[in-house]
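*Asks:* Structure provided below as structure tokens; questions to follow.
The values are calculated or read from the model by the stated rules, or taken from the named source; none is laboratory data. Predicted model, so just to flag it, every value in this text is computed and none were measured. Every residue, glycine as well, gets a Cβ built from its backbone with ideal geometry; the counts of neighbours run over all protein chains shown.
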Amino acid sequence: MSMFNVFLSGMKSSGYSDSVAHGIYLRVCLLGGLALSGILGIIAISSFMLWQSMQDSIYDSKHQGYELTRDFFQSLEADLNRLADFVSVTEDIDELLLTYMGRDRAMMSLSLVDADGHVRFQQPSSGEHKADFYPQQPWLSQVRSGQTFFQTYQRHKQPLPGLRMAISVPDNKGKFRQTLLAEADLSLLWADLGRIRVGEQGHTFLAATDGRILLHRKLNYTLKQQSLQTLFSVESGDLQHSGIQLVEDIHGSYGLLSVSPFKQGQWLLVVFQPLKDFQIWFVLSLAIVLISLTMIAGLVISTGQFTRLHLMRPLRQLLTSVQHFEQGDFDYRGQYPDKSELHHLGYTLDNMASRLGKTLADLHDRLEDLKLSQNAVQVSQRRYQDILHAVHEIIFQTDDKGRWDFLNPAWYELTGHRCEESMGSQVKQYICPEDVSVFYENYMSLVKGDVKHCHTEIRVQHASGSICWLEVFAKVRLDEKGNIIGTAGTMIDISDRKHAEEQSRLISQVYTHAREGILITDLTGSIVDVNDAFSLITGYDKDDVLGRNIRSVKTGLGLAENQGSDIWSELHSQGFWSGELWNQKKNGDSYAELLTISAVDDDQSNSGHYVALFSDITEQKRYQQQLEMIAHNDALTGLPNRLSLSDFLYKAMAETEKHRHRLAVVYLDLDGFKEINDVCGHDKGDLLLKELSSRMQQSVKDGDMLARLGGDEFVAVLRGFQETDDAIAILKRLLAAASAPVYVDDLEMQVSASLGVSFFPQDEHLDADQLLRQADQAMYKAKVAGKNRYYLFDAAKDKADRDVNLFLAEIRQALNNDEFVLFYQPRVNMQSGAVKGAEALIRWQHPEKGLLAPGYFLPAIEDHSLSVELDRWVLRTALKQIVKWQQLSTPLRVSVNIGVRYIQQKDFVTQIKQFLDDFPEVDPSSLEIEVLESNALKDISHVSEVITECQQLGILFALDDFGTGYSTLTYLKKLPADILKIDRSFVSDLLYAPDNLSILEGIMGLAGAFGRSVIAEGVETDEQGELLIQLGCEQGQGYGIARPLPEDQFLEWLDNWRPAERWLQARDVCSDKVPVLMAMVEHRAWIRQLEHCIEDEGYQVPVMDHLNCRFARWLKDEGDNVIKNSALRKLVHRQHQIVHETGNYVLDLRTQGQYLLAQKELVGLSEDRERLLETLQKLLHDDNDAPVQPALVDNFFC
């Protein structure tokens, strides 16, 4: 109230009445309230606009990212669906996949996977995406339900993840058949998301539902280790909300975060924008508030005056004009009071509107022209950039200071220096120091204007350190005024040309200054050029020989007709010849030359010229001949010595291998020479050696060699024969020459010779020294055999003896080092699942070769005493194992294999008793001995007694591999074994071999007749076990039950062992149903033969007539009696007929060459087979007299 009183007093003092003052006060208060409300409203509106702009920025970016991602995934899914439709009807799937791979840049691989996860087709067929099998993949169940599967995965050594997609490929009936699996590259989506602008510093990216970052424009190894939770300090639960959140990133900056689930929640589309981007909005809003405050304050001050002057009506008129102008009506004219400022303002506004309308129209026309110009500029720029990136020449510009002003990408390709790093740097720093002065001189000439353009060659230092030659073409750059502002030009890589020029200069120098003679001819032999050394060596001037044929000039190729033809033929066939020969100079002097001739190819890789390089080696050859005479011959006899023999033998062996002949080395030692030497003296002995050497030399052929090693030992090398008998005649001549008497000074001397012979080549590679040692060994055997004879070395027997002895020694060493171990293979009752025992199987834990199977070492010791030692070790180790298992309350019977050699020993039973005495805690019935059915059992009566005595001790005996021996029935009758073990060869193909089934049935009958138990070996599948149980054989062992296991793993297997469910349900069939089993096997065998025929056209085709196959004959002869129910019998006949019809159709397809379609139809054939086998399976135990469900038969025939 005090303020109101002060205001009234002031108004009254100014001459205003109370009512006027009161009205003015109310107006002032109203205006003040309006001003305050306006300020608050402006602040609120500015804040709302700021927040709205922030939200709009986030939502716009999120919308763009969502559309890009959605379109990317929809495009891939649509492509896959179209491809799946084509796969269902196309045969050449590889070509189809390859075509789609070429169309879609995002596709990295396409695979067609069957229902079991096996890859049938794949493109590409190698590389990081290659896979053969996808076991238990998560996409299988989703694809089976008809859904499209999407999943990201981390690519090997790639920062960006890949996208794996899978869709169902149904068959022609609409059922799931296989899966089309694709792996796509997300780099395109990554690039598109990176181009979305979120303010100045924001970004849009893709993340997994657990927060892992998948696609980000700055994706690197460090960022890949982060997640949304660590980058923005948010909880995992907050990632499921799609609103906008205020978050703080790891750098401490605040911003707005929007997380949107995508693709049924598989991924998250994330948009983040820092608050820094909105600072300009905040400053603008603050400026608006301050300006508004200023304007409102002025408005409050002047409101009274405007109100007093009644400005509202003119202002409304002005407002109407402005509204027309705002709507684009610039022709509107308002009515304003005369002679007032508003009158002038209104007409001014009208004039301004008129001019503005004309200006806008003109501006619109100019804008259209500008857009056309911009488009033309953009096209020109793109064309310019394409040219710059396409050319291989460097395009450059420099400024007037010698610095790079522009470089195209070819600079980096040729020099290895990045363009952005080189820009602005001095040109000379990249030039080799040797060329800087040349470059500077040319550059200064250009810059000073002395020349308009220049051409030079410089060397540039490559980034890798190598040197690159560049040819530079440059000219000056001028500004608008004609002033020189730098240079521009191109640089071409001429490194290859420079290297070629340098090599050419080097070759020219070598050619001119070489000390060896060089001669060049064309293909006809005409001499094209010679060097100076040629003239010095031969005496021919260049003019004497140029243009002449090489055969008319004695230059090393003018040889005897046969020698020259050999050289030229080898030169034509191999393009090269090298060797030594004697030639004549121009003056007729002979000289030795070392000559090499090579064919020189032209640009089309065809021989164009011949180049001969030779040197004079006359002096060397003469000196060499003197040395060879001294070094290679025996001083006494003149025969070649040991050194000559070695050289000759090596060459003879090489020649023998080349020409595929045979060679013999004869080691000869004189018998009785020492006695003659001692009695008659060394002089007489030397004369005897000379005479015998001469005679034996005449006994060998030309081209063979007889050498003296020393004393009375000689070696002959015989070559060029095919059969051993060809050399025998020469051996006999050598024996005759050595044993003939020799007369010296009326003294008769006579000796004989012992010859050892080895032959080459042999199966085993050997060198000359080994060949001599073999002949030496054979010579000693000839002496032992009585002298004056020859003995032929047996290489095969020698190698076999050495190998056997080495291997036996290795086995004995292994036994001493305790390297052998026992593995145990369980033996079970397949029908009940009870474990009946285990067979001990020996293994060799070799220190270098690892674990070795018994087939590797047991055959080598079968007839050796070492086998007995190994059998004793097996028995003792098995008894130790029985004790261990008894102590663990797991008593098991262990069977061991005993060799025939051991069981036939006289003291075998005594040794068994000793073993049992050593292990008194072992129950003898826990030990079972297996004896192999073999013709090595010489004394069957003794073995029978051994078995009987051991059985009296409580030990059980089994006949192993029963049915494969030579006298199966004899062994069964005479050997009182408790158990028969059916050999695995009868079990392995049991399901498809009717003959094997018949043999098994017979063995079961024999076992029952003789009161023996039966165990089947080699049970590998559930189906084999089921068929064995149906035949009455309940016990079995094999890989289908367990592989042989070491001791520690055996007990673990024992705890986890569970028999197959079909074994528990299987039952022994009655005898009248056994033909049904036989029929099922017959049918499987027919199907398998047909499948082989489809795979291999050369395979025998089975009987395709459904009335004449073996199964049909069974149906006719026995089946109709076994299948008593007429409806069921009709069903079996029809199912069998359908199998044949399908088989004939498949065979026709294969005959017509439609292999892929035939393979596809085999699947249907297998289904028909299984339906027939299922029907027959029911006959084994079901009462087929009972009526068959009508629906079953009707549905089948429909």
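*Asks:* Report the residue count in region 712-730 for those that are buried (at least 21 other Cβ atoms within 10 Å of the Cβ) and among the acidic types (Asp, Glu).
*Replies:* Qualifying residue count, region 712-730: 1.
*Asks:* All but one of (1) under 20 Å from ILE494 (Cα atoms); (2) touching an Asp or Glu at 6+ places or on another chain (Cβ under 6 Å); (3) not polar (S, T, N, Q) hold for ASP399, so report the exception by its number.
*Replies:* ASP399 satisfies all of (1) under 20 Å from ILE494 (Cα atoms); (2) touching an Asp or Glu at 6+ places or on another chain (Cβ under 6 Å); (3) not polar (S, T, N, Q) except (1).
*Asks:* Among the residues of region 760-769, is any crowded, with 20+ Cβ neighbours inside 10 Å and of a type in the set (D, E, K, R)?
*Replies:* So the first thing to find is which residues in region 760-769 are crowded, with 20+ Cβ neighbours inside 10 Å, and the list is 760.
From what is left, the residues that are of a type in the set (D, E, K, R) are none.
No, every residue in region 760-769 fails to be crowded, with 20+ Cβ neighbours inside 10 Å and of a type in the set (D, E, K, R).
*Asks:* From LEU1131, LEU1149, LEU1162, which residue is assigned by TED's automatic domain parsing to the domain that holds GLU1091, without any contact (Cβ under 8 Å) to a residue 40 or more places away in the chain and surrounded by 14 or more Cβ atoms within 10 Å (Cβ to Cβ)?
*Replies:* Details: LEU1131 fails: without any contact (Cβ under 8 Å) to a residue 40 or more places away in the chain; LEU1162 fails: without any contact (Cβ under 8 Å) to a residue 40 or more places away in the chain.
Sole residue among the options that is assigned by TED's automatic domain parsing to the domain that holds GLU1091, without any contact (Cβ under 8 Å) to a residue 40 or more places away in the chain and surrounded by 14 or more Cβ atoms within 10 Å (Cβ to Cβ): LEU1149.
*Asks:* Within region 719-728, is even one residue closer than 24 Å to SER646 by Cα and either aliphatic (A, V, I, L, M) or over 60 Å from the mean Cα position of the chain (by Cα) (or both)?
*Replies:* yes
*Asks:* It is to be established whether one or more residues within region 438-453 are part of a strand (DSSP E or B) and in the same structural domain as GLY482 (by TED's automatic domain parsing).
*Replies:* The initial filter retains those residues of region 438-453 that are part of a strand (DSSP E or B), namely 453.
From what is left, the residues that are in the same structural domain as GLY482 (by TED's automatic domain parsing) are 453.
Yes, region 438-453 contains a residue that is part of a strand (DSSP E or B) and in the same structural domain as GLY482 (by TED's automatic domain parsing).
*Asks:* Select from region 944-960 the residues that are touching a helix residue (DSSP H, G or I) at 6+ places or on another chain (Cβ under 8 Å) and not in a loop (DSSP other than H, G, I, E, B) and list them in ascending order.
*Replies:* From region 944-960, those touching a helix residue (DSSP H, G or I) at 6+ places or on another chain (Cβ under 8 Å) are 944, 946, 949-950, 953-957, 959; that's our starting set.
Correct list: SER944, VAL946, GLU949, CYS950, LEU953, LEU956, PHE957, LEU959.
*Asks:* Kindly check whether there is at least one residue in region 1002-1025 that is closer than 21 Å to PHE957 by Cα, over 47 Å from the mean Cα position of the chain (by Cα) and among the polar types (S, T, N, Q).
*Replies:* yes
*Asks:* Hey, could you check region 741-784 for residues that are assigned to a helix (DSSP H, G or I) and of a type in the set (D, E, K, R) and say which is farthest from ASP683 (Cα to Cα)?
*Replies:* Restricting attention to region 741-784, the residues satisfying the condition of being assigned to a helix (DSSP H, G or I) are 768-784.
Within this subset, residues satisfying the condition of being of a type in the set (D, E, K, R) are 769, 773, 776, 781, 783.
Values: ASP769: 32, ARG773: 31, ASP776: 28, LYS781: 31, LYS783: 26 Å.
Across region 741-784, the extreme among qualifying residues is ASP769.
*Asks:* Being crowded, with 23+ Cβ neighbours inside 10 Å and either touching a helix residue (DSSP H, G or I) at 6+ places or on another chain (Cβ under 6 Å) or more than 20 Å from ARG660 (Cβ to Cβ) (or both) narrows it down to one of ALA736, ALA707, so name that one. I'd like the intermediate steps shown before the answer.
*Replies:* Details: ALA736 fails: crowded, with 23+ Cβ neighbours inside 10 Å.
Result of the check over ALA736, ALA707: ALA707.
*Asks:* Search region 614-655 for residues being of a type outside the set (A, V, I, L, M) and in contact with a Ser or Thr (Cβ under 6 Å, 6 or more places away or on another chain), and hand back the single one that is farthest from TYR591 (Cα to Cα).
*Replies:* Here is the first cut: in region 614-655, the ones of a type outside the set (A, V, I, L, M) are 614-616, 618-626, 628, 632-634, 637-638, 640-642, 644, 646-648, 650-651, 655.
After this cut, where a residue has to be in contact with a Ser or Thr (Cβ under 6 Å, 6 or more places away or on another chain) as well, the list is 632, 637.
Details: HIS632: 24, THR637: 32 Å.
Selected residue: THR637.
*Asks:* For region 525-558, what are the residues that are farther than 17 Å from SER590 by Cβ, polar (S, T, N, Q) and at pLDDT below 85?
*Replies:* ASN549, SER552
*Asks:* Now for a different question. Conditions first: (1) surrounded by fewer than 13 Cβ atoms within 10 Å (Cβ to Cβ); (2) assigned to a helix (DSSP H, G or I). VAL874 passes all but one, so which condition is the exception?
*Replies:* Going through the list (1) surrounded by fewer than 13 Cβ atoms within 10 Å (Cβ to Cβ); (2) assigned to a helix (DSSP H, G or I), VAL874 breaks only (1).
*Asks:* Here's a follow-up. Just to confirm my filter: which helices (runs of 4 or more DSSP H) fall fully inside region 1125-1198 and include at least 3 residues that are modelled with pLDDT of 80 or more and of a type outside the set (A, V, I, L, M)? Quick ask: steps written out before the conclusion?
*Replies:* Numbers: elements: 1126-1151, 1155-1181, 1190-1197.
Those helices (runs of 4 or more DSSP H) span 1126-1151, 1155-1181.
*Asks:* If you don't mind, another one. Can we say ILE537 is surrounded by 13 or more Cβ atoms within 10 Å (Cβ to Cβ) and farther than 18 Å from ASP616 by Cβ?
*Replies:* Working: surrounded by 13 or more Cβ atoms within 10 Å (Cβ to Cβ): yes; farther than 18 Å from ASP616 by Cβ: no.
In short, no.
*Asks:* Within region 903-925, is there a residue that is under 21 Å from PRO859 (Cα atoms) and in a strand (DSSP E or B)?
*Replies:* Quick first cut of region 903-925, residues under 21 Å from PRO859 (Cα atoms) only: 903-905.
Within this subset, residues satisfying the condition of being in a strand (DSSP E or B) are none.
The answer is no, given that none of the residues of region 903-925 is under 21 Å from PRO859 (Cα atoms) and in a strand (DSSP E or B).
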